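The values are calculated or read from the model by the stated rules, or taken from the named source; none is laboratory data. All values reported here derive from a predicted model rather than from experimental measurement. Cβ: placed from backbone, ideal geometry, glycine included. Neighbour counts: every protein chain shown. With ligands, DNA and RNA removed, areas are computed over all heavy atoms of the protein, side chains included. Shrake-Rupley method; radii C 1.70, N 1.55, O 1.52, S 1.80 Å.
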Amino acid sequence: MDTKVDGGDPAVTARRWHQRDRLRLRRTVLAAYGNACKCCGETTDEFLELDHVRNDGRIHRKTLKGSLYRWAFKNKFPPSLQILCSNCNLAKA
């Protein structure tokens, strides 16, 4: 039985690096938008998500190649996005 966690597999190592990179990016974007739901003030990271202020997210996502979080970062956190918790985002829809 192999006692190594990932067995030195480069694919596993790369996947872990990408997961950490996505988490850092998500935290950076959430911090730029205030780390709290704009509607109710919820601050638990696991409940927070990016939301399109004008409800044009479906149209915008069709033009994206990649992550909305990465797009927000590259575009210097535009005011067309906001942070909402899952509940408020579902209620808005």
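Table for the structure above
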| quantity | calculated |
| --- | --- |
| Region 63-74 residues that are without any contact (Cβ under 8 Å) to a residue 24 or more places away in the chain, paired with ones that are buried (at least 17 other Cβ atoms within 10 Å of the Cβ) (beta carbon under 6 Å, 6 or more apart) | Leu64/Trp71; Leu68/Leu50 |
| Residue among Leu25, Leu48, Leu64, Leu81 that is in contact with a Lys or Arg (Cβ under 8 Å, 6 or more places away or on another chain) and hydrophobic (A, V, I, L, M, F, W, C) | Leu25 |
| Qualifying residue in region 15-22 (condition: at pLDDT 90 or above, touching a Leu at 6+ places or on another chain (Cβ under 9 Å) and open to solvent by less than 90 Å² (accessible area, probe 1.4 Å)) | no |
| Residue in region 78-93 that is farthest from Arg24 (Cα to Cα), counting only those that are part of a helix (DSSP H, G or I) and of a type in the set (A, V, I, L, M, F, W, C) | Ala91 |
| Top-ranked residue in region 54-77 [being part of a loop (DSSP other than H, G, I, E, B) and of a type in the set (D, E, K, R); ranked as most open to solvent (accessible area, probe 1.4 Å)] | Lys65 |
| Selection status of Ala36, part of a loop (DSSP other than H, G, I, E, B), among the small types (Gly, Ala, Ser) and either touching a Ser or Thr at 6+ places or on another chain (Cβ under 9 Å) or touching a residue at least 24 places away in the same chain (Cβ under 8 Å) (or both) | yes |
| Arg27 being at pLDDT 95 or above and in a helix (DSSP H, G or I) | yes |
